[in-house]
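Here, each number is a calculation from the coordinates, and none is a lab measurement. What you see is a predicted model; the values in this text were computed from it and never measured. Glycine gets a Cβ as well: all are built from the backbone with ideal geometry, and neighbour counts include every protein chain shown.
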Amino acid sequence: MWQHSKAFFSKWCNVQCQVSYRGQRNLSVNAEVDMLLYCAKKWKGEAHRARQMRKAYEEVFQKYHIRSVRPVKDDNYCALRAVLFQIFSQGIPFPGWMKEKDILKLPEKLLYSQGCNWIQQFSFGPEKYAGEKVYGKVRKCLEFFKNQWTEIYNSKDSAERRKMCKTIFSDESKENKLYEAIKFIMLYLVIEAHENIKEGHNLPRFFNLLFSRETSSDPLSFMLNHLNPIGDTIGTEQVEMCLVGYALELKIKVFRLTKFKTQDIQVFYPEDYKRDWHEICLVTENDRHYNIPIINR
């Protein structure tokens, strides 16, 4: 009888998931689906990995009251997409430091004030670097990023925000401009942090880890080896996730399913976040692809 019940449940899960995804394939962030149904469809069979994932999903379902997830398109922009979708959909305010610094002036500031000519090698995901055209292209990305965030935040109606998000996250060209803007802001902060370290200033702990890597010991190597490939050949690594949280003034809580039954199943990026930062949540099976969990309060 159990075998018949198990087969029926598996078939029912497949049907339910197909219904949930129908009509959403052009969206890079899909509507909520039942988390255990999502898990059952993805992790079938009795292989060790599949059993472990099912146990992990069951743990976060029971312990952390997560009943559903928003599946996010699995590409190399995935982490930035999951973060930005929550910022927009929740109406989180524009970071104060970005208003004070005026992010639209960052490309010129780095070029003329700090002499970072090597920024011409900045590349835009799958697009390779554009030489002298980089500055104009970056500025357009930053302008679009600032305008979109401001416009969505100013909309206090949640239904209207959802409609705006649907428009943005079904247009690859618009999305990519947002992600490349975030990447450039990350680069600016790394350059600033590198200068501050030289002057003996205290910085968040994750910067020590970032600069201790042979592949990112200075801003140029960080850009070439870690930042430029995001959206192209790699996703966002854990230390870069700390930088994302720091840049956007977010406390990013992540449920890491490979760490279930350990205290590391739940981590924060960055660890030394500020109390007044807004919190968003992600769930990951491999520290590369992130979905958005819906937590029942």
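Among the helices (runs of 4 or more DSSP H) confined to region 64-156, the ones with at least 3 residues that are loosely packed, with under 15 Cβ neighbours inside 10 Å are located at 96-101, 134-154. May I ask you to list pairs of residues, at least six apart or on different chains, whose Cβ atoms are under 6 Å apart, with the first in region 105-123 being within 22 Å of Lys177 (Cα to Cα) and the second being in a helix (DSSP H, G or I) and among the β-branched types (Val, Ile, Thr)? Going by the 6 Å Cβ cut-off, the qualifying pairs are Pro107/Val138; Leu110/Ile119; Gln120/Val134; Phe122/Val134. One residue stands out in region 185-211 among those that are within 13 Å of His226 (Cβ to Cβ) and of a type outside the set (Phe, Trp, Tyr): the one that is nearest to the chain's Cα centre (by Cα), namely Met186. Residues in region 41-51 that are in contact (Cβ under 8 Å) with a residue 12 or more places away in the chain and in a helix (DSSP H, G or I): Lys41 alone. Can you say whether Lys274 is among the charged types (D, E, K, R) and under 25 Å from Met53 (Cα atoms), as far as the supplied structure shows? Criteria not met by Lys274. Can you find a residue in region 233-254 that is touching a Lys or Arg at 6+ places or on another chain (Cβ under 6 Å) and either under 30 Å from Cys116 (Cα atoms) or among the small types (Gly, Ala, Ser) (or both)? Yes, region 233-254 has at least one match. For region 65-117, a residue qualifies if it is small (Gly, Ala, Ser) and touching a helix residue (DSSP H, G or I) at 6+ places or on another chain (Cβ under 6 Å), and the qualifying residues are Ser68, Ser89, Gly91. In region 228-243, what count of residues is obtained for those that are crowded, with 23+ Cβ neighbours inside 10 Å and either farther than 24 Å from Phe124 by Cα or of a type in the set (A, V, I, L, M) (or both)? Residues meeting the conditions: 3.
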